[in-house]
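Q: Please read through the structure below; I'll follow up with questions.
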Amino acid sequence: MVKAVVLGAAGGIGQPLSLLLKTNPLITELSLYDIVNTPGVAADLSHIATPAKVVGYLPPDDGLKKALTGAELVVIPAGVPRKPGVSRDDLFKINAGIVRDLATGIATTAPKAFVLVISNPVNSTVPIVAEVFKQKGVFDPKKIFGVTTLDVVRASTFVSEVLGDLSLAPKVVVPVVGGHSGVTIVPLLSQSSHPLPSGFAKDELDKLINRIQFGGDEVVKAKDGAGSATLSMAYAGYEFANKIIRAVKGEKGIVAPTFVNLAADKEGGEALKKEIGSDLDYFSAPVELGPEGVVSIKSLGKITDAETALVKAAIPELKTNVEKGVSFVGASK
Ligand code: NAD
Ligand code: LMR
């Protein structure tokens, strides 16, 4: 039995993500919550011949509470997306309050659920969820995740393009660490399961790193005012959600990069802080998943000097983003 809930389910990410969750035979209940249109989306998805019972909820009549009752997995793609000229941090003004209020609902009604945060800016919205849970006395750092999987998916795709064979994309694994915006996105290409061509020039490598860091801008520009990545994000969000479900069902050895509070694994978190030379409380690192959430936070392993420099460059922005989320919740007490 798995009850999954999508908060922001009628949106550009919410709809295709709900579709993918509906295809998962392990999900028995799928609750869709949004401020608009969820009855229609739910009615549509409910005709698909898979086990999940789909119900749509709106804010009236305690809709959020009803959607969240009994939830084991909550995915949050609610909030405004970027347009050209807008940074993820600019979205904080609107999305911080949305995420805080939804987190309050989860902390009250489904405090033990796994919470997967997609809403931007992820580097700040994850600390917002954590601070709300702390205020409510239900914080478990092992169960709150910032979804950075789209960066990992992009790295696989772009590396396979460089290798001249897109059919490799599903097999290419590149850890992407740090956070989820611009320079905080740090691809560890030296650890790619499929090495870059020998003699790959430094300027080509820099271009590839930049493309992974700013892949979101590519989509925002192409959509030309109509939003940001939705379909690739739904794919990535489902991939991560499915890893959580598989881990909950007892599959061992599932490791994925995700933006977590480093207290999720005291020993691993402290070791990582030493490794990156910072006292940051949040970082996207390769994390092993288990039935209770984070089993361990892994070391970044052997990285090049250039990658060490990228990690160092990510830290100041990460720190500012995290502090902004933490103080937002402190100020809204
Ligand atoms: P969208 O505007 O298409 O959809 C957002 C949905 O959220 C809408 O249906 C809206 O009604 C709903 N919503 C707004 N306020 C709400 C509330 N209080 N409660 C419930 N639902 C609410 O946007 P989108 O393209 O789906 O993007 C959603 C968010 O995901 C954005 O913040 C975007 O930046 C972010 N995003 C993150 C990643 C990532 O890698 N983590 C990737 C892409 C997009
Ligand atoms: C992305 O990486 O595509 C998302 O964070 C959306 C955005 O604003 O770029």
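Q: When the scattering of region 55-165 is computed by the Debye formula from its Cα atoms alone, each counted once and equally, what is log10 I(q)/I(0) at q = 0.18 Å⁻¹?
A: -0.91
Q: Determine the alpha carbon to alpha carbon distance for each of LYS134/LYS319; LYS142/LYS207; LYS221/LYS243 and list only those over 24 Å.
A: In this structure, LYS142/LYS207; LYS221/LYS243 lie more than 24 Å apart at Cα.
Q: Can you tell me which of 214-227, 13-26, 89-102 comes out highest on packing, and rank the rest after it, using the mean Cβ neighbours within 10 Å?
A: By packing density, highest mean first, the sequence is 13-26, 89-102, 214-227.
Q: Peptides 67-73, 126-132, 264-270: what's the order by average Cβ count within 10 Å, highest mean first?
A: 126-132, 67-73, 264-270
Q: If you plug each phi of region 2-11 into the Karplus form 6.51 cos²θ - 1.76 cosθ + 1.60 with θ = phi - 60°, what whole-Hz ³J(HN,Hα) values come out, in order, with x for Gly and Pro?
A: 10, 9, 10, 10, 10, 9, x, 6, 8, x
Q: Can I ask one more? Mind giving me the FRET efficiency for ASP62 and ALA201? R0 is 41 Å, r the Cβ-Cβ distance, nearest 0.05 is fine.
A: 0.10
Q: Here's something else I'd like to know. Step through the residues of region 253-263 one at a time and calculate ³J(HN,Hα) from phi using the Karplus curve (6.51 cos²θ - 1.76 cosθ + 1.60, θ = phi - 60°), rounding each to whole Hz and writing x for Gly and Pro.
A: Coupling constants for region 253-263: x, 7, 10, 8, x, 7, 7, 10, 6, 5, 6 Hz.
Q: Would you mind putting 150-162, 198-210 in packing order, based on average other-beta-carbon counts within 10 Å, highest first?
A: Put in order of decreasing packing, that is 150-162, 198-210.
Q: For LEU26 and LYS136, FRET efficiency with R0 = 22 Å and r from the beta-carbon atoms, rounded to 0.05?
A: 0.15
Q: Quick one: putting +1 on the C-beta of Lys and Arg, -1 on the C-beta of Asp and Glu, what dipole do you get for region 2-147 around its Cα centre, in Debye to the nearest 20?
A: Computed about the Cα centre, the dipole is about 240 debye.
Q: Short version: ³J(HN,Hα) in whole Hz for each residue of region 209-220, in order, from phi by Karplus 6.51 cos²θ - 1.76 cosθ + 1.60 (θ = phi - 60°), x for Gly and Pro, what are they?
A: Calculated HN-Hα couplings, in order: 4, 4, 5, 5, 5, 10, x, x, 5, 4, 6, 4 Hz.
Q: Only helical DSSP H runs with n ≥ 4 go in: add -39500 (n - 2.57) per run for the chain, normalise by residue count and round the 222 nm mean residue ellipticity to 500 deg cm²/dmol.
A: Taking each H run of at least 4 residues, the total per residue is -14000 deg cm²/dmol.
Laboratory data are not the source of any read-out in this text; all were calculated from the coordinates shown. Everything numeric in this text was worked out from a predicted model, so none of it was measured. Because the Cβ atoms are built from the backbone with ideal geometry, glycine has one as well, and the counts that use them run over all protein chains shown.
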